[in-house]
Amino acid sequence: VLDLGCGAGAVAAAFAARGFRVTGVDRSATLLEAAARAAAEAGVEVELLQADFRAFSRPAAFDLACSLNASFAYFDDATHRRLLKSLRGALRGGGSLVLDTLGEGRAAWSGDAGVHEIGGARYSVLRAFDESRGVLREEWTVERGGQPETFLCEQRLFTAAELTALAEEAGFADVRVWSTLDGTGPYDARSLRLVLLAKRPSRAV
């Protein structure tokens, strides 16, 4: 299993606990340290690599590649195309891809509006959706010890049709979309989550 953008390692450790050989890739040394602790606490082994996943390459090495918790869609569409082709290349024939991104419903979502406190830090978020680019812009303000910091990020909100087309262009087949990771929730334009499942064909296409 390849966990691309593995973060603090909860998913990677869970896969390993079920008997899978897991490789987790993330560019954050701090998060990889947390992932190593998560694996140790679970009593499992996980290969953890510090890398920008846009540059990660290990051809035909995995049966499952996943990018979860909305870690995929922070780039321009040319980069998204390259990433999908790289993920296809990382899979063996018949292997599966799971992409977990933000759904279109996030454009108007305000479920976490206001000021919140987590672990002694206060945070708030302002959002704006650029419909012309299909991009959600977020401005996060985090205050620790009276010192506020502001972080800006932009994330692509794909429609189901757009993400499906990109996956098929990259050579994936049997592409399906859901609004839940368990594959039971149908997707529509109000969904907060877009989960894509696809296969690398056993034969070259």
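The values are calculated or read from the model by the stated rules, or taken from the named source; none is laboratory data. Note that this is a predicted model, so its numbers are computed, not measured. Note that we place each Cβ from the backbone using ideal geometry, even for glycine, and neighbour counts take in every protein chain shown. Just the protein is used for accessible areas: all its heavy atoms, side chains included, with ligands, DNA and RNA removed. Shrake-Rupley method; radii C 1.70, N 1.55, O 1.52, S 1.80 Å.
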Completion exercise
How many residues of segment 47-56 are free of Cβ contacts under 8 Å to residues at least 40 places away in the same chain and more than 19 Å from Tyr74 (Cα to Cα)? The answer is 2
Completion exercise
Looking across segment 59-96 at residues that are among the acidic types (Asp, Glu) and not in a strand (DSSP E or B), the single one that is surrounded by the fewest Cβ atoms within 10 Å (Cβ to Cβ) is Asp76
Problem - Which numbered condition Ala113 fails, given (1) within 24 Å of Arg27 (Cβ to Cβ); (2) at pLDDT below 90 - result: (1)
Practice task
Filter segment 177-205 for residues that are open to solvent by less than 50 Å² (accessible area, probe 1.4 Å) and under 14 Å from Thr159 (Cα atoms) and give the result.
Solution key: Val177, Ser179, Tyr187, Ser191, Leu194, Val195, Leu196
Fill in the blank from the handout: Being in contact (Cβ under 8 Å) with a residue 12 or more places away in the chain, touching a strand residue (DSSP E or B) at 6+ places or on another chain (Cβ under 6 Å) and under 23 Å from Glu33 (Cα atoms) narrows Phe62, Phe72 down to just Phe72
Practice task
Might you let me know whether segment 146-158 holds any residue that is open to solvent by less than 80 Å² (accessible area, probe 1.4 Å), free of Cβ contacts under 8 Å to residues at least 60 places away in the same chain and under 19 Å from the mean Cα position of the chain (by Cα)?
Solution key: no
Handout entry: Residues being of a type in the set (Ser, Thr, Tyr) and at pLDDT 95 or above - total across segment 141-169
Key = 2
Fill in the blank from the handout: Of those in segment 19-37 that are in a loop (DSSP other than H, G, I, E, B), closer than 18 Å to Gly95 by Cα and not aromatic (Phe, Trp, Tyr), the residue least open to solvent (accessible area, probe 1.4 Å) is Val22
Problem - strands (runs of 3 or more DSSP E) lying entirely in segment 105-205 (those with 3 or more residues that are over 30 Å from Arg92 (Cβ atoms)) - result: 115-118, 121-130, 135-144, 147-156
Handout entry: Hits in segment 83-136 (condition: over 23 Å from Ser179 (Cα atoms) and in contact (Cβ under 8 Å) with a residue 40 or more places away in the chain)
Key = Lys85, Ala90, Leu91, Arg92, Gly93, Gly94
Exercise for the section: Exactly one condition in (1) over 17 Å from Ala198 (Cβ atoms); (2) out of contact with any helix residue (DSSP H, G or I) (no Cβ under 9 Å at 6 or more places or on another chain); (3) of a type in the set (D, E, K, R); (4) at pLDDT 95 or above is not met by Asp76; state its number. Expected result: (4)
Practice task
State whether the residues of segment 47-58 include one that is over 17 Å from the mean Cα position of the chain (by Cα), open to solvent by 50 Å² or more (accessible area, probe 1.4 Å), over 21 Å from Leu197 (Cα atoms) and modelled with pLDDT of 95 or more.
Solution key: yes
Handout entry: Meets criteria (part of a helix (DSSP H, G or I), without any contact (Cβ under 8 Å) to a residue 60 or more places away in the chain and out of contact with any Gly (no Cβ under 9 Å at 6 or more places or on another chain)) for Ala40
Key = yes
Fill in the blank from the handout: Among residues of segment 97-145 being exposed (fewer than 12 other Cβ atoms within 10 Å of the Cβ) and of a type in the set (Asp, Glu), the residue farthest from the chain's Cα centre (by Cα) is Glu117
